[in-house]
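Written below as structure tokens is the structure these notes are about.
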Amino acid sequence: MIDIKLILADPDGVKAKLAKKGCEVDFAKVAELDAKRRELIKKNDELKNERNKASAEVPALKKAGKDVSAVIARTKAIGEEIAAGDKALAAVETELNDFICALPNLPDDDVVAGGKEANEVIKVVGKKPEFGFKPLDHVTLCTKHGLIDYERGVKLSGSGHWIYRGMGARLEWALLNFFIEEHLGDGYEFIMPPLALGYNCGYGSGQFPKFRDEVYWIENAEAEGDKKKMKFMLPTAETALVNLYSGEIMKESDLPKKLFAYTPCFRKEAGSYRSEERGMIRGHQFNKVEMVQITTPEQSKAAFEELVGKACSLVEKLGLHFRLSKLAAGDCSASMARTYDIEVWIPSMGIYKEVSSVSNANDYQARRNGTRFKSSVTGKNEFVHTLNGSGLATSRVLPAIVEQYQQADGSIVVPEALRKYVGTDIIK
RNA sequence: GGAGAAGUACCCAAGUGGCUCAAGGGGCUCCCCUGCUAAGGGAGUAGUAUGGGAAAACCGUAGCGAGGGUUCGAAUCCCUCCUUCUCCGCCA
């Protein structure tokens, strides 16, 4: 969430930044509510002070054998006033909090305004493969080689589900292994989090309340109506990892914290199907290795570059043609100040599809979930910065590999980097 | 899933309604005395969040696992929840 102090100090500046994301806001209400809040706190604190003092007289008076009924009557009256004040304060704070929490993160200064159309391609790596034959699409190729069983996936769990089989499962597993080894080599810690998370994780990562309808909820029949008892299947490991140290004060010497996790990811993806997205371009469950860094504010820019570099390096080592785009403010997700996407070429679709999205949330997520560290710069507890990047999601890498590496005879060459995991050079 | 016990600060721990706005240790920090390694003496040690204040000072408020409640007053009594430990049950 955005620091309310920043909103109060520079409402127009914040407004201008949010406008880059296409978000129109009016902060008059915030100033008003905050003034009301302070007034109520002041008044209530004074009343509490009065009550504490009066109440402290009681034992002394009792000891002296004096009548305490007058004091008690007075404190009782004050108590009633405090109760009313607390109630009013809670209402104001809830209203204020709901408003602030609904605001997206501020984009970085160098992130341009606008939506998808304003995205900027930063670099292109490799070339579109040229086939001396009519190339097949990945659905045909995967079916032909028995790599993916689309039909039985649907039979078991409905549309948007598929089954990796045989060499397909080995290829998928090889990708995951390859990513994991790379991250281990870079000194990142391997995390295997729970796949079902509590509401607080969704909130702390900035995905809730806005996206709470886009995840799968596991309902607890006995806890019906109680949100806190319900769990949801994680839509990305980011949701778990950025909450790892929530509510804690980290040591500055432990930062930057470099983590990665392999998890399946579960998403409803309601209404987002497009006719050309056949096969495994968009599914309800897919595998992803996610990188997360938790850093000091000073470290976060370098950490972002590192994550982008790592993600690019993975695609590059797989020998795939891809491009790197810097997203415009409106195309970054709500929690993020900046995002770079890596998109890999899918020949059959004639477009680039995202395989990695690297983002810096700055302190937006940390403010929501309360992750801080003792800063040697300010001497105070400061919020950390959180960054995340897919490294990588497999569901589009595998189609890209299958399509980009297909041969005239229909066989598929296994990328060099994966051979030791797959156990073969070519899938025939 | 069931039964019992517990959760107090960096750690251990006292504390069943008001001289506890949390005792006492340990540890840590500083000072003194000794002296180059030991031992002793003294002081400090509730972080944090938040309101007032130009303010580093200073004055309040909240805070004893979390959230409610009772009360003039709650670490203490009541309710709900979380976590840990012990035992039982179930189990891939």
Q: Can you spot the lysines whose alpha carbon is less than 20 Å from residue A:155's alpha carbon? Ignore those fewer than 8 places along the same chain.
A: A:144, A:268
Q) At a Förster radius of 22 Å, what calculated FRET efficiency corresponds to the Cβ-Cβ distance of residue A:128 and residue A:181, to the nearest 0.05? A) 0.15
Q: Before rounding to the nearest 500, sum -39500 (n - 2.57) across all DSSP H runs of length at least 4 in chain A and divide by the residue total; then give [θ] at 222 nm in deg cm²/dmol.
A: -12000 deg cm²/dmol
Q) So, by mean Cβ neighbours within 10 angstrom, what's the order for A:288-294, A:406-412 with the highest one leading? A) A:288-294, A:406-412
**Q.** Linear extension gain, residue A:210 paired with residue A:424, 0.36 nm per residue minus alpha-carbon span
**A.** 72.5 nm
(Q) Could you work out the percent of alpha carbon pairs in chain A separated by over 38 Å, rounded to a whole number? (A) 34 percent
Q: Order these peptides, A:386-395, A:105-114, A:151-160, A:417-426, by their mean beta-carbon neighbour count within 10 angstrom, highest first.
A: A:386-395, A:105-114, A:417-426, A:151-160
Q: Please give every one of the lysines within straight-line cross-link reach of residue A:128, meaning a C-alpha to C-alpha distance under 18 Å, and leave out same-chain neighbours fewer than 8 residues apart.
A: A:317, A:353
Q) Cross-link list A:258/A:380; A:29/A:87; A:258/A:288; A:5/A:76; A:36/A:231; A:43/A:210: which exceed 25 angstrom alpha carbon to alpha carbon? A) A:5/A:76; A:36/A:231; A:43/A:210
Q. What does the charge dipole of chain A about its Cα centre add up to, to the nearest 20 debye, if the Cβ of each Lys and Arg holds +1 and the Cβ of each Asp and Glu holds -1?
A. 680 debye
Q: Give the residue from A:70, A:283, A:247 lying farthest towards the positive end of the charge dipole for chain A; charges sit on Cβ (+1 for Lys and Arg, -1 for Asp and Glu) and the dipole is referred to the Cα centre.
A: A:70
Q: Kindly provide the pair-distance distribution of the stretch A:26-101 built from C-alpha pairs, with 10 Å bins from 0 and whole-percent values in order of increasing distance.
A: 18, 37, 22, 15, 8, 2, 0
Q. Across the Cα atoms of the stretch A:47-148, what radius of gyration and what greatest pairwise Cα-Cα distance (Dmax) are found, in Å?
A. 35.5, 106
**Q.** Sites matching chymotrypsin sites (Phe, Trp or Tyr not before Pro) across the stretch A:121-222 that sit in DSSP coil, with at most 11 neighbouring C-beta atoms within 10 Å
**A.** A:133
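Every number here is computed from the coordinates shown, using simple stated rules; none is lab data. Here the structure is a predicted model, which is why all the values come from computation and not from measurement. Backbone-built Cβ (ideal geometry, glycine too); neighbour counts: all protein chains shown.
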